Structures are given as C-alpha cells and as structure tokens.
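Quick notes on the structure that follows.
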Amino acid sequence: MAKVVADKSSAILPNAFLGKSKVPTDDDLAAALGTAKPLWEQLLSELASQHRLIVREWHSHSLKAGWSLRMKRRERNIVYLSPSCGAFMASFALGQKAVEAARASGLPSSVLKIIATAKKYAEGTAVRIEVRTAADVDVVVKLAGIKLDN
C-alpha cells in the first residue's frame, strides 16, 4: 500500500531523469521503470478511461528536478507522474475541498496519513503517492477523481 511521504525531507523517490536535458523516450521510460512500466501504462489507461485525462505533457523545471509527466484536463493540472527506478511518484496539489472529500472517501489509512501530514502550499496540499502496486494505482485514480470533482 502507499508509502507515507510527509515532506521533501523524507525519502522521496529520486527522479530517474535527473540531469537529463531531453524529454525521455518510451525506451528511456521503460528502462527506468523496469517492472513498474505495466503499472505506469495501467494508470495512464485508467486515468483516460475513467476521468478523460488524455492531455499529457512532459515537463522539467530544471536539470536538478528531472522530468515528470503532467496529466491535465484543459488547462488544469491534475497529477504529475515522476518516474524513478522500479517505481514512480504521483503528486497532487489538493485544495481544501478535495482534502475534505479524500478524508470522507474511504481511502486506506496509510493514504489518509499522507494527506494529514502533507505540506500545505498556496496551490494546495502537496500529496505524493509512491506507486509500486496495482492497489497504489487504484489510490491515484481515486485521488484524481476527487481532485476533478473538487
């Protein structure tokens, strides 16, 4: 189940594309994700079918940050997917209504702890979910729906 990631000082998965200046290719992504590549594909498929999240943009703030795949609805950023070695991180900025909806949604207690201990910024509460299993994919899909509804 989802690993508790309280803030940036915690053990956040390192981005697989640190120091890379070019957008990762599908081969680069497959090499980095390894056995987690099917989970990545499953998540993209479920986000598209369940929430119509089909706008995907690779984005990098700097060479030190690496690359992430931004999933959007129109101009609204919904979730960022950051590849790592053998896993990936899904990151959300949840507004207060979305946080309240998440608390009432029946998410696993480990995910509720992540939300409760997450840093709050002007953009929202920074929720990071480490994705290593199909159950983690389900959590990310559910949180994307909560963000979209709120």
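The values are calculated or read from the model by the stated rules, or taken from the named source; none is laboratory data. Remember, it's a predicted structure, so these values are computed and weren't measured experimentally. When we count neighbours, we look across all protein chains shown, and the Cβ atoms used for this are built from the backbone with ideal geometry, even at glycine.
Scanning region 115-131 for residues that are touching a residue at least 40 places away in the same chain (Cβ under 8 Å) and farther than 21 Å from LEU53 by Cβ, we see that the one that is surrounded by the most Cβ atoms within 10 Å (Cβ to Cβ) is ALA118. Could you tell me whether any residue of region 56-68 is surrounded by 15 or more Cβ atoms within 10 Å (Cβ to Cβ) and among the aliphatic types (A, V, I, L, M)? No. When region 42-77 is filtered for residues that are farther than 22 Å from LYS142 by Cα, without any contact (Cβ under 8 Å) to a residue 24 or more places away in the chain and in contact with a strand residue (DSSP E or B) (Cβ under 7 Å, 6 or more places away or on another chain), only HIS59 remains. The set of residues in region 79-98 being in contact with a strand residue (DSSP E or B) (Cβ under 9 Å, 6 or more places away or on another chain), among the hydrophobic types (A, V, I, L, M, F, W, C) and either surrounded by fewer than 21 Cβ atoms within 10 Å (Cβ to Cβ) or under 19 Å from ALA135 (Cα atoms) (or both) consists of VAL79, LEU81, ALA87, PHE88, MET89, ALA90, PHE92, ALA93. With respect to (1) touching a helix residue (DSSP H, G or I) at 6+ places or on another chain (Cβ under 8 Å); (2) at pLDDT 95 or above; (3) surrounded by fewer than 17 Cβ atoms within 10 Å (Cβ to Cβ), the lone exception for ALA104 is condition (1). Selection of region 10-33 for residues being farther than 16 Å from ASP136 by Cα and either among the hydrophobic types (A, V, I, L, M, F, W, C) or not in a loop (DSSP other than H, G, I, E, B) (or both) yields ALA11, ALA16, PHE17, LEU18, VAL23, ASP26, ASP27, ASP28, LEU29, ALA30, ALA31, ALA32.
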